[in-house]
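K.L.:
Before anything else, here's the structure in question.
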Amino acid sequence: MSDITVTKLASYRNQTPYPFCPGCGHGPILDHLNKALVKAAIDPAKVVLVSDIGCSGLSDQYFATHAFHGLHGRSLTYATGIKLARPELTVIVVIGDGGTGIGGTHLLQAARRNIGITVLVFDNFNFGMTGGQHSVTTPKGAKTPTTPLGNLERPLDLCATVAVNGASYVWRGTSFDGELSDRIAEAITTPGFALLDVFELCTAHFVEHNTMSKSTLLEMAGRLGFETGLIRRQPRPEYAAAYREAMAGVRGQPLREPRRIPTLQPVSLARPFRLIAAGSAGGKVRSATRLLAEAAVLSGLWVTQREDYPVTVKSGHSIAELVIAPEEVLYTGIERPDAMVLLSADGIKKSGAMLKVMDQHGRVFVAPGLPAPPTAAAVEPLPAPAVRVERDHMGLYALMRAVRALDLLPRSALEAAAQRGGRAEANLATIAAAFA
Amino acid sequence: MREWTDGSTAIVRGALHAGCTFFAGYPITPASPILMSMLAELPKTGGVAIQAEDEIAAIGMCIGAAMSGARAMTATSGPGISLYSENLGLAIMGEVPLVVVDVQRLGPATGGATTVGQGDLQFVRWGTSGGFPVIVLAPSTAAEGYGVTRRAFDLAERFRTPVFVLTDKELSLTTTTVDPRAYESVPVGARVQHAVGQPFTPYHYEPAAAVPPIAHVGDPTLVRFTGSTHDERAFLTKDPATVGKLNAHLCAKIDAHAAELEWAHSDLQPGAETLLVAFGVTSGALRQAVKNLRANGRKVSSLVPISVWPVPERALAAALQGVRRVVVAELNPGLFAREVRLVAPNVEVVSVTRMDGELVSPTQIEEACR
Ligand SMILES: Cc1ncc(C[n+]2csc(CCOP(=O)(O)OP(=O)(O)O)c2C)c(N)n1
Ligand code: SF4
Ligand SMILES: [Mg+2]
């Protein structure tokens, strides 16, 4: 169907009569919704009614538009997904006051994003479907089965909440308001987030327990101190459109490919070598180890680098475990390292268990100035650099010094890895210091 | 030429190459790299990626988008799967093509955010009300995440159902060398779409195992979607005959295709009396243990399930021929061992587990073979 074909319908309703209790406000609101769609003359195939849960959630079944009936409180999330996927659609959410409570965060975020959805709140101050329990909009003092002595909670002002958080269109009235269909039509044709809070009667429950009638309903907002009528109408960029506009610049750009590393100078290794570098966050432990890892890959070896750090990345320990092997590394863990490079007190503290399982064949390198830890492995304190090495390069220096002592990889491979990465010059200088 | 990459990258590329057009997620270690990559990459293809306000919204947006024609994916870890629960049921009930990545971490609740675990094996299978089947695929290497994600999209599309990619912190975040030839270009099918002008109901219950053609929200054919018990037109119903057919259909759609869905890597040795079984990251230690044992003259077979749900019962039955003992290794209290016991009630099943944040080691597996 092309965009120019506009199907004008006399009614967007289907033949099925509403199932609501006599006097329930849901039916009249839906009649207004129907009138609004007729007025706006939107192709029914471009309209989706996203219904929440509750008596109001039954609504989608009575309309000849697209219909989406999901979970309690989550209608706004489906509506957001639909609008993001198909911005050309008119997306209308039908939700009860109960739904706005359980789905409160979605309401806030949708308003804040200004996603192009119209939210019609069927606000009968209680959970109609489950027996009239109190909701977030139940007025203070009102009696419900769950507030038998009167509601103690302050009702939520939905309109003020979404208005202050960026909604484009906000209106409050009642199901008896003659202007309701005009306001709905206005809301669905205003780009951005719109909310209409429609006060109405739940004749089965709320009216049973509280003195409520058409006239008291009209006074209700006044008594609550809530604004009524058109509260806000302020166009702001609609999110789905804004997203597409913002992303237009990257569209068509090539996807990021994984890092490809050639084999420069094959190095033969008899068996897997397992090395652990243990230092502190901020000590560039991971990036230094990464340089070593890439040098091994450039040497045609198979490598894995596994990292451990606390959730607070910039404090505490930072451990990098390297497995360098002549063939694919199947097991990326380290039961007993062949070598450890200890770069800080944090690192030593975290390495106790590993140092314990190492035997006399293992080698432990300790950065300049650190104490030698207890271990059966051969401990080799690393000499301080002969030339000046920046503080944040001491980790790389110690690691390179250890690689030199272990004769693990040729210097040329380390230099080639440095050359390919960032901060090449500084890293090359540090490698030179370690090999001096 | 080797790649120096990780499992998250493989999953993201798998998704992009499978034609993913919509992603929504919420930050959580160790799944955040997938979220960040999708936000950076998807707009390049014209797709939409968004950080949602929470996991409930993330999967909700995906479901809305998927039913509007998008190929949708979300990614999280155990705590997020908990919040997905109700919507996973919606995706089953509404027959939504959807890929859900679970990058497992250790333990219940917040658990160990940066610690590896495999404890969501049963959780993803039974994680929503009703007990209906889902498909869960577990890549056994970082590179396999690519092909498995493609397959997940393929199955999600063709079966109109949520499909999980079950991976873990270690496979996702450990940087590793990959031979680019290891990426499997698994073919990705498409959902069958309703032909405009043909009679249409959003759902079909007969034959029970058939997948109904889809019409999207916004298409010329008006479509209804619902998570409530419904008839074929997606209207609410309590008619027992219809309700029974609907629920039988949701089971049959997956169960009757088990032979097609089952997927495992078998490495069988004639005369082996021991079978080693492990999925996901633990299969690495398993393969190493098999190598070591065979080098020492031991005869052992191994099986690595990729489809953990459905359990690859056919491959398992074949691997069990002549076997007297099965060793199942995993990073949880023995959740897959349970399934193996159901398939092999007369064979000794030894469960090797680890829950201290370290990987099961080859030594641990070899010791269980003594
Ligand atoms: C997650 C979840 N919790 C609870 C329910 C039960 N439930 C059904 S309808 C409803 C409240 C509906 O109230 P409201 O949104 O005000 O709609 P109304 O029936 O008043 O139109 C509840 C709590 C549910 N369906 N899902
Ligand atoms: S229970 Fe209340 S909300 Fe539900 S249909 Fe009856 S009057 Fe309307
Ligand atoms: Mg209500």
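The values are calculated or read from the model by the stated rules, or taken from the named source; none is laboratory data. In this text, all values refer to a predicted model and were calculated from it rather than measured experimentally. Positions of Cβ are generated from backbone atoms using ideal geometry, with glycine treated the same way; all protein chains shown enter the neighbour counts.
Table: residues versus (1) surrounded by fewer than 20 Cβ atoms within 10 Å (Cβ to Cβ); (2) farther than 14 Å from residue B:308 by Cα.
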position: B:117; (1), (2): no, yes
position: B:122; (1), (2): yes, no
position: B:132; (1), (2): yes, yes
position: B:137; (1), (2): no, no
position: B:151; (1), (2): no, no
position: B:169; (1), (2): no, yes
position: B:187; (1), (2): yes, yes
position: B:192; (1), (2): yes, yes
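K.L.:
Kindly indicate whether any position in the range A:59-77 is within 16 Å of ligand 2 (Cβ to nearest atom), of a type in the set (D, E, K, R) and within 21 Å of residue B:228 (Cβ to Cβ).
P.N.:
yes
K.L.:
Now for a different question. Working only within the range A:119-129, note down all residues that are outside any strand (DSSP E or B) and crowded, with 22+ Cβ neighbours inside 10 Å.
P.N.:
If the condition is that a residue be outside any strand (DSSP E or B) and crowded, with 22+ Cβ neighbours inside 10 Å, then A:124, A:125, A:128 are the ones that fit.
K.L.:
So residue B:212 fits all but one of (1) more than 11 Å from chain A (Cβ to nearest Cβ); (2) touching a residue at least 60 places away in the same chain (Cβ under 8 Å); (3) under 30 Å from residue A:331 (Cβ atoms); what number is the exception?
P.N.:
Tallying (1) more than 11 Å from chain A (Cβ to nearest Cβ); (2) touching a residue at least 60 places away in the same chain (Cβ under 8 Å); (3) under 30 Å from residue A:331 (Cβ atoms), residue B:212 fails exactly one: (3).
K.L.:
Given A:342, A:301, A:330, A:322, which one is at pLDDT 95 or above and farther than 24 Å from residue A:415 by Cα? Lay out the reasoning, then the answer.
P.N.:
Values: A:342 fails: farther than 24 Å from residue A:415 by Cα; A:301 fails: farther than 24 Å from residue A:415 by Cα; A:322 fails: farther than 24 Å from residue A:415 by Cα.
None of the other options fit; the residue is A:330.
K.L.:
OK, next. Got a number for residues in the range B:42-66 being within 19 Å of the chain's Cα centre (by Cα) and more than 7 Å from chain A (Cβ to nearest Cβ)?
P.N.:
Adding up the residues that qualify gives 4.
K.L.:
Identify, from the list A:95, A:82, A:42, the residue that is more than 10 Å from ligand 1 (Cβ to nearest atom) and either among the hydroxyl-bearing types (Ser, Thr, Tyr) or more than 9 Å from chain B (Cβ to nearest Cβ) (or both).
P.N.:
The match here is A:42.
K.L.:
When residue B:259 is evaluated against the numbered criteria (1) without any contact (Cβ under 8 Å) to a residue 60 or more places away in the chain; (2) away from every other protein chain (no Cβ under 14 Å); (3) crowded, with 19+ Cβ neighbours inside 10 Å, which criterion, by number, is the only one it fails?
P.N.:
If we test residue B:259 against (1) without any contact (Cβ under 8 Å) to a residue 60 or more places away in the chain; (2) away from every other protein chain (no Cβ under 14 Å); (3) crowded, with 19+ Cβ neighbours inside 10 Å, just (3) comes out false.
K.L.:
Could you tell me whether any residue of the range A:102-124 is within 14 Å of residue A:239 (Cα to Cα) and within 16 Å of ligand 1 (Cβ to nearest atom)?
P.N.:
Taking every residue of the range A:102-124 in turn, none turns out to be within 14 Å of residue A:239 (Cα to Cα) and within 16 Å of ligand 1 (Cβ to nearest atom).
K.L.:
Condition check: without any contact (Cβ under 8 Å) to a residue 60 or more places away in the chain and either out of contact with any Phe, Trp or Tyr (no Cβ under 7 Å at 6 or more places or on another chain) or not in a loop (DSSP other than H, G, I, E, B) (or both). Does residue B:218 satisfy that?
P.N.:
So residue B:218 fails the test.
K.L.:
Can residue A:257 be described as surrounded by fewer than 16 Cβ atoms within 10 Å (Cβ to Cβ), more than 9 Å from chain B (Cβ to nearest Cβ) and among the acidic types (Asp, Glu)?
P.N.:
Considered against the rule, which asks whether it is surrounded by fewer than 16 Cβ atoms within 10 Å (Cβ to Cβ), more than 9 Å from chain B (Cβ to nearest Cβ) and among the acidic types (Asp, Glu), residue A:257 comes out as no.
K.L.:
Let me spell it out: the conditions are (1) more than 36 Å from the chain's Cα centre (by Cα); (2) within 16 Å of ligand 2 (Cβ to nearest atom); (3) at negative phi, and residue A:15 meets all of them except one. Which number is the exception?
P.N.:
Going through the list (1) more than 36 Å from the chain's Cα centre (by Cα); (2) within 16 Å of ligand 2 (Cβ to nearest atom); (3) at negative phi, residue A:15 breaks only (2).
K.L.:
For the range B:22-41, which residues satisfy the criterion of being touching a residue at least 40 places away in the same chain (Cβ under 8 Å) and more than 8 Å from every other protein chain (Cβ to nearest Cβ)?
P.N.:
The answer is B:23, B:25, B:26, B:28, B:30, B:31, B:33, B:34, B:35.
K.L.:
Give the range A:12-32 a look and list any residue that's farther than 23 Å from residue A:43 by Cβ and within 16 Å of ligand 1 (Cβ to nearest atom), or say none.
P.N.:
Residues satisfying the conditions are A:18, A:19, A:20, A:21, A:22, A:23, A:24, A:25, A:26, A:27, A:28.
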